[in-house]
Amino acid sequence: MTHGMTPDMTIGDAARRWPALIAVFEQFGLDFCCHGRQSLQEACRRAGVSLEAVLQAAAETPGPQNEPEKDWSAASMTALGEHIVSTHHAKARNAFVTLATLLPRVRLAHADRHPELVPLEAVVAELRDEMLDHMVREERVLFPWLSRLERPGAVNVGPPWSVKRPIDCMLHDHDSVAAGFRKVRVLTRDYAAPADACGSYRAMLECLKDLERDTHVHIHKENNILFPAGVRAESRMQSAGARAGTGGCAC
């Protein structure tokens, strides 16, 4: 893959510019979503992996013609918000419906030999409640707000504070969700199925692993693309309003 990724580039910017590299970052356990502002070199240091190995794997990754999905950095905030809701929010909701059936079944059948399933069920329940509430607040408050910021003159009523306030709340939620998935990884030993795991046990682990993987991409699109675009849009609107106010003064 031909790219200009360097050790001092932020990992979030690299994921934004070359979405195919997300698979590489996942492979090496690099945090490109919640800590996307750290440099690639710092991300490797934190994860305890070789920078050279990551760069080599990135160089061997198929190029743009084989990108897994659209580059959302060029999309409007409205389009990206709609995509997040229809893709990532929908996937998370479906996953939690599936887990609501699988987790109790697996716990009842295997908790005597795998007592970690009891706290796992509790952790996933906390994640479910937090993520579902978070997604509703995005869909009802933040995403419509960001969409209005794209329409000149549309933001004429609303809260007397900056869009940075709800964004900061979402960023805090993202950190909490990431911490929840770290607990899941510990309790499942990185989603490793035990020798006596039945089909439901393995399906549960696969569902959790897939949900975490998708949540990383979900958070990346918000933290590194959508939210910064919203802050920039608000700044441009405020600057334009200040210029208009100055220009309209006849004294």
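If only residues of segment 195-226 that are farther than 25 Å from Cys33 by Cβ and free of Cβ contacts under 8 Å to residues at least 40 places away in the same chain are counted, the one that is nearest to the chain's Cα centre (by Cα) is Arg202.
Checking each residue in segment 16-30 for being of a type outside the set (Val, Ile, Thr) and more than 14 Å from Gln41 (Cα to Cα) picks out Arg16, Arg17, Trp18, Pro19, Ala20, Leu21, Ala23, Glu26, Gln27. Within the group Arg113, Arg37, Arg45, which residue is part of a loop (DSSP other than H, G, I, E, B), over 27 Å from Met135 (Cβ atoms) and open to solvent by 60 Å² or more (accessible area, probe 1.4 Å)? Just a single option satisfies the conditions, and that option is Arg113. Residues considered: Ala125, Ala192. Of these, the only one that is in a loop (DSSP other than H, G, I, E, B), surrounded by fewer than 16 Cβ atoms within 10 Å (Cβ to Cβ) and without any contact (Cβ under 8 Å) to a residue 24 or more places away in the chain is Ala192.
Checked against (1) in a helix (DSSP H, G or I); (2) out of contact with any His (no Cβ under 9 Å at 6 or more places or on another chain), Ile84 passes all but condition (2).
Take the residues of segment 168-189 that are without any contact (Cβ under 8 Å) to a residue 24 or more places away in the chain and open to solvent by 40 Å² or more (accessible area, probe 1.4 Å): which is nearest to Leu226 (Cα to Cα)?
Applying the first criterion (without any contact (Cβ under 8 Å) to a residue 24 or more places away in the chain) to segment 168-189 yields 168, 172, 179, 182, 186, 189.
Filter once more, so that each one left must be open to solvent by 40 Å² or more (accessible area, probe 1.4 Å): 168, 172, 182, 186, 189.
Numbers: Asp168: 13, His172: 16, Arg182: 24, Val186: 30, Arg189: 33 Å.
Only one residue tops the list, namely Asp168.
The values are calculated or read from the model by the stated rules, or taken from the named source; none is laboratory data. This is a predicted model, so every value here is computed, not measured. For neighbour counting, all protein chains shown are included, and Cβ atoms are generated from backbone atoms with ideal geometry for every residue, glycine included. Side chains included, ligands, DNA and RNA excluded: accessible areas come from the protein's heavy atoms. Shrake-Rupley method; radii C 1.70, N 1.55, O 1.52, S 1.80 Å.
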